[in-house]
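One structure below.
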Amino acid sequence: MNPYAKALCGAHSQTFQPWQFGEPQFKRTALWLRNLPHLEYTKVLTPPKKDTPEHKAWSKVHRASPGAGRAKERSVFVKGVAQAMAAQWGPLL
């Protein structure tokens, strides 16, 4: 996060990667949690080694090229994380 955004939003509570929830993908996500516990990882995958075709496939969203579809591709929420949120936080609400 750039310094200006950090000054406006404050420090995040938790960060994670989609692969920690069973999704073969790199794209760090930050959460600002209020009155909720940290999400516990589910279905943790082992990331592939750098400079391999599999690593490049996992990096597709993280390293999306500029263009018309980039914002849409990067804004898709990861299903594994949504399922973890529903399972872990749903009973609390």
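The values are calculated or read from the model by the stated rules, or taken from the named source; none is laboratory data. The model shown is predicted, which means the values in this text are computed figures rather than measured ones. Please note: Cβ atoms are built from the backbone with ideal geometry, for glycine as well, and neighbour counts cover all protein chains shown.
Some notes on this structure:
Quick grid of which residues meet (1) polar (S, T, N, Q); (2) in contact (Cβ under 8 Å) with a residue 60 or more places away in the chain; (3) closer than 29 Å to PRO91 by Cα:
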{"residue": "GLN14", "(1), (2), (3)": "yes, no, yes"}
{"residue": "GLY22", "(1), (2), (3)": "no, no, yes"}
{"residue": "ASN35", "(1), (2), (3)": "yes, no, yes"}
{"residue": "PRO47", "(1), (2), (3)": "no, no, no"}
{"residue": "SER65", "(1), (2), (3)": "yes, no, no"}
{"residue": "GLY69", "(1), (2), (3)": "no, no, no"}
{"residue": "SER75", "(1), (2), (3)": "yes, no, yes"}
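- Of all residues in region 47-62, exactly one satisfies the criterion of being in contact with a helix residue (DSSP H, G or I) (Cβ under 8 Å, 6 or more places away or on another chain) and exposed (fewer than 10 other Cβ atoms within 10 Å of the Cβ), namely LYS49.
- Identification of helices (runs of 4 or more DSSP H) wholly contained in the chain with 1 or more residues that are modelled with pLDDT of 95 or more and over 13 Å from the mean Cα position of the chain (by Cα) yields 53-58, 79-89.
- In summary, ALA7 fulfils each of the numbered conditions (1) touching a helix residue (DSSP H, G or I) at 6+ places or on another chain (Cβ under 6 Å); (2) without any contact (Cβ under 8 Å) to a residue 12 or more places away in the chain with the single exception of condition (1).
- Residues located in region 25-42, provided they are surrounded by fewer than 14 Cβ atoms within 10 Å (Cβ to Cβ) and in contact with a helix residue (DSSP H, G or I) (Cβ under 6 Å, 6 or more places away or on another chain): none
- Residue match in region 44-58 (condition: closer than 23 Å to LYS6 by Cβ and not β-branched (Val, Ile, Thr)): no
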